[in-house]
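Inspection log for the structure reproduced underneath, given as structure tokens.
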Amino acid sequence: MRSDLFEGMRATPEQHFKLYFYAAVLHLIEHVAGLFESWDEVTRQFPFLEGYSQEVARHGAHGMTFEQAAVSWRDSLIEWESAAEGHLPLRALGAAAGLDYETTVLLVTTGLCEEDARFGFVFETLQGVAGRQGPTLALLGTWWPQAAEGQGARAALRRLRELGLARVVNPDAPRAEQTLHVAPLLWDALQGERHERPAAWARYRAPEELTDSDDLIVAAEVRRQVEVLPALLESAEADAVVVRGPQRGGRRTLCGALARALGRGVLEVAGPSRGEEEERWRTVGPLATLLDAVPVVTYDLAPGETAEVPRPEGYAGPVFVALGRQGGLAGQGVGRALTITLEMPDASARRQHWLAACEEAEPEDSDEVAERFRMTGGNIRRAAKLASAYAALEGRARIRATDVQQAARALNRQTLDTLATRVEAAGDWESLAVKPETMRELRGLETRCRHRERLREFVGEDLGRQLNAGVRALFTGPSGTGKTLAARLLASVLKMDLYRLDLASVVNKYIGETEKSLNQVFARAEELDVILLLDEGDALLTQRTSVQSSNDRYANLETNYLLQRLETFEGILVVTTNASDRIDNAFQRRMDVVVEFHAPESAELQRIWQLHLPEGHTVPHALIGEVARRCSLSGGQIRNAALHASLLALSNGGKVTPSHLEAAVRREYQKAGAVCPLRALHATV
């Protein structure tokens, strides 16, 4: 019998699938024909099968019986695909999953209805059950008694189900009546189709879309590792790569460069949760094989969490994992894994990212932009698009630092607003009335923040290794002394956004949830380079206690986690407290700058009054001085009094007068339940 039916036929994924599809149809026709007395009866019952029969004949099976045609088709197809070059999805799947010819045809038969709905009527008729338009386990078992290398159809179908290739539609039915189908995303991939989004949890990227390793913007040591890794993966000395780093920090880009060096695309997969883990992993292996892609699995783990990474079935090749700085991995999928760690890009790398993102149209203030906005590479690319739009609104082709600030603020809102609250920041140090020594410390803090990256390079080598780009400041002092205002002014002079951490949304009674929420806030603040404000920080940074109950134990665990996270934090953190004695000494030792705010004295109080009263007021300087000397009000109380005096003025002439001021001061003392020491100089308003 002939075995050269397909000689000269082009070897493409579509053509390869088509040949297997006709093999499955030929097998079906062979069995259907055996149930009727003549072929005419078959075509009267299923007229569309005549067209398929003629198509098979045109490929060289003319004049053969259906049984002879099936054997000749089998021999010709095996010979043809063994000589074919390039990636054929079905052939690759067979090699990776150990599927023989009969099992592959069985798989395609299971999905015939996906390609031509008329086959559903054939299955429905043969099985004698209305509405059952797919093959059952019982039907397939009778058609392929010798499938799977002589082990029978049951073993072959079990293997297809283990791989996630064939799925049961009605799992509650008796086994013989269970109906099988092929998932649409796998059916498309079997035919060589490559969709960017084959599923909601997966994204495919072709090799030509991936970044070349020479174009990666990474540190010299990472570049050296990237150059060596492809050879190690091809020789199977390693079978997995774990890339750790911040979100949008180039982890998936690096994985893509490695995949491109191997001549493959990537299948980016969101790390499955517990409920969907088994079903998703069953699909990842075959799908990656069919697409000729490397699976890149991304996890966002909290401290103490461990993800199980199994070896994908039906796939032969490396597995890449993109992971944050927290959490661990286990499982056969990372049994022989190499780890690469990506750090936040320095100013030079950030400048390269800006140039690449702006398509060589260098920002007008490129050095300032690179120095000032300490963001990950991915966030720079996102910010560049928004900044370009802001520049276009003003009719400019090149972006400026102000455009970048607006773009960064938009990114901050998208990412941080569910975790913290943005605080408006405006003004400069002239808006703050504090003692000279406090102001010196604040200006020193500003300098530390401006040079936080350069400082590591300037100090000695041993000390530099102990430093990172983080700045941790503690503001201590009584309520109303300007601590929160100082944090706002710090953000303003540094031209950075300020976000207040809401403890109510972070602290959780469930074990481990507080650490998870805190890690999210700290990580996003680092990646977006915003100042994080922890008001009333003593509520979270409390001293550790002796363990007398399980609550004490878990409270101490939270404190220990915070101590470790503060040491590795690479952003700017400001903690305020009016009860510094309640803060654990270990936290205070980890603070880079401690600024003490004192209750304002007469000179500071007078300055605060002048800052808060509106322009055009008619209050004599002497009266302001007397109020400052006699009335021991905090900065917050002075603010409230100035607001009340302004409100009175709006209803009575529009200018703040001495009587308005006196009434407002007396009101603050009444709220506090104290006697106002101010002499009655004016009539009460």
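The values are calculated or read from the model by the stated rules, or taken from the named source; none is laboratory data. The structure displayed is predicted, hence computed values, not measured ones. Note that we place each Cβ from the backbone using ideal geometry, even for glycine, and neighbour counts take in every protein chain shown. Accessible surface areas use protein heavy atoms only, side chains included; no ligands, DNA or RNA. Shrake-Rupley method; radii C 1.70, N 1.55, O 1.52, S 1.80 Å.
Please determine, by comparing only the residues of the stretch 650-663 that are surrounded by fewer than 23 Cβ atoms within 10 Å (Cβ to Cβ) and touching a residue at least 12 places away in the same chain (Cβ under 8 Å), which one is nearest to Gly616 (Cα to Cα). Within the stretch 650-663, the match that is nearest to Gly616 (Cα to Cα) is Lys655. Among the criteria (1) crowded, with 20+ Cβ neighbours inside 10 Å; (2) modelled with pLDDT of 90 or more, the one Arg336 does not fulfil is (1).
Could you please let me know if Leu19 is assigned to a helix (DSSP H, G or I), open to solvent by less than 10 Å² (accessible area, probe 1.4 Å), in contact (Cβ under 8 Å) with a residue 60 or more places away in the chain and closer than 18 Å to Tyr101 by Cα? So Leu19 passes the test. Filtering the stretch 425-438 to residues that are open to solvent by less than 30 Å² (accessible area, probe 1.4 Å) and in a helix (DSSP H, G or I) leaves Trp429, Thr438. Look through the stretch 278-332, keep the residues that are among the charged types (D, E, K, R) and out of contact with any Gly (no Cβ under 7 Å at 6 or more places or on another chain), and return whichever of them is modelled with the highest pLDDT. Step by step, filter the stretch 278-332, then rank; the result is Arg325. When the helices (runs of 4 or more DSSP H) confined to the stretch 43-128 are screened for residues that are free of Cβ contacts under 8 Å to residues at least 40 places away in the same chain and loosely packed, with under 14 Cβ neighbours inside 10 Å, those reaching at least 1 such residues are found at 48-56, 66-83.
One residue stands out among those in the stretch 405-424 that are hydrophobic (A, V, I, L, M, F, W, C) and without any contact (Cβ under 8 Å) to a residue 40 or more places away in the chain: the one that is least open to solvent (accessible area, probe 1.4 Å), which is Ala407. Here His621 passes the criteria (1) open to solvent by 50 Å² or more (accessible area, probe 1.4 Å); (2) modelled with pLDDT of 85 or more; (3) closer than 25 Å to Thr577 by Cα except the one numbered (3). Restricting attention to the stretch 171-206, which residues are surrounded by 15 or more Cβ atoms within 10 Å (Cβ to Cβ), in a helix (DSSP H, G or I) and aliphatic (A, V, I, L, M)? Those that are surrounded by 15 or more Cβ atoms within 10 Å (Cβ to Cβ), in a helix (DSSP H, G or I) and aliphatic (A, V, I, L, M): Leu185, Leu186, Ala189, Leu190. Of the set (1) in a helix (DSSP H, G or I); (2) in contact (Cβ under 8 Å) with a residue 40 or more places away in the chain, all apply to Arg443 but (2). Can you pull out every residue in the stretch 446-492 that is among the aliphatic types (A, V, I, L, M), open to solvent by 30 Å² or more (accessible area, probe 1.4 Å) and assigned to a helix (DSSP H, G or I)? Within the stretch 446-492, Leu455, Leu463, Leu485 qualify. So is Val218 among the β-branched types (Val, Ile, Thr), closer than 12 Å to Phe320 by Cβ and not in a helix (DSSP H, G or I) or not? Judged against the criteria, Val218 is not a match.
When residues in the stretch 226-253 are screened for being buried (at least 18 other Cβ atoms within 10 Å of the Cβ) and part of a helix (DSSP H, G or I), 7 of them pass.
Rundown of residues vs (1) in contact with a Ser or Thr (Cβ under 8 Å, 6 or more places away or on another chain); (2) among the hydrophobic types (A, V, I, L, M, F, W, C); (3) more than 22 Å from Thr476 (Cβ to Cβ), yes/no style:
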| position | (1), (2), (3) |
| --- | --- |
| Asp417 | no, no, yes |
| Thr438 | no, no, no |
| Leu442 | no, yes, no |
| Thr447 | no, no, no |
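Kindly evaluate Gly377 against the criterion of being buried (at least 23 other Cβ atoms within 10 Å of the Cβ), in contact with a Lys or Arg (Cβ under 8 Å, 6 or more places away or on another chain) and more than 19 Å from Arg398 (Cβ to Cβ). So Gly377 fits the description; yes. Check Gln606, Gln637 and return the single one that is within 30 Å of Leu573 (Cβ to Cβ), in contact with a helix residue (DSSP H, G or I) (Cβ under 8 Å, 6 or more places away or on another chain) and open to solvent by 10 Å² or more (accessible area, probe 1.4 Å). Going through Gln606, Gln637 in turn, just one is within 30 Å of Leu573 (Cβ to Cβ), in contact with a helix residue (DSSP H, G or I) (Cβ under 8 Å, 6 or more places away or on another chain) and open to solvent by 10 Å² or more (accessible area, probe 1.4 Å): Gln637. Only residues that are in contact with a strand residue (DSSP E or B) (Cβ under 8 Å, 6 or more places away or on another chain), open to solvent by less than 30 Å² (accessible area, probe 1.4 Å) and within 27 Å of Arg161 (Cβ to Cβ) were counted across the stretch 300-319, and they come to 7.
Given the criteria surrounded by 14 or more Cβ atoms within 10 Å (Cβ to Cβ), at pLDDT below 85 and in contact with a helix residue (DSSP H, G or I) (Cβ under 7 Å, 6 or more places away or on another chain), does Asp584 qualify? For Asp584, the condition - surrounded by 14 or more Cβ atoms within 10 Å (Cβ to Cβ), at pLDDT below 85 and in contact with a helix residue (DSSP H, G or I) (Cβ under 7 Å, 6 or more places away or on another chain) - is met. The one condition from (1) touching a Leu at 6+ places or on another chain (Cβ under 6 Å); (2) crowded, with 20+ Cβ neighbours inside 10 Å that Arg630 does not meet is (2). When you check Leu157 against the structure, is it crowded, with 19+ Cβ neighbours inside 10 Å and closer than 25 Å to Pro47 by Cα, yes or no? So Leu157 fails the test. In summary, Gln191 fulfils each of the numbered conditions (1) in contact with a Pro (Cβ under 9 Å, 6 or more places away or on another chain); (2) more than 30 Å from Arg132 (Cα to Cα) with the single exception of condition (2). Cβ-Cβ contacts under 6 Å between residues 6 or more apart (or on different chains), taken from a first residue in the stretch 475-501 that is at positive phi to a second residue that is aliphatic (A, V, I, L, M), are listed as Gly482/Leu432; Gly482/Val434.
Restricting Thr211, Thr142 to residues that are within 24 Å of the chain's Cα centre (by Cα) and hydroxyl-bearing (Ser, Thr, Tyr) narrows the list to Thr211.
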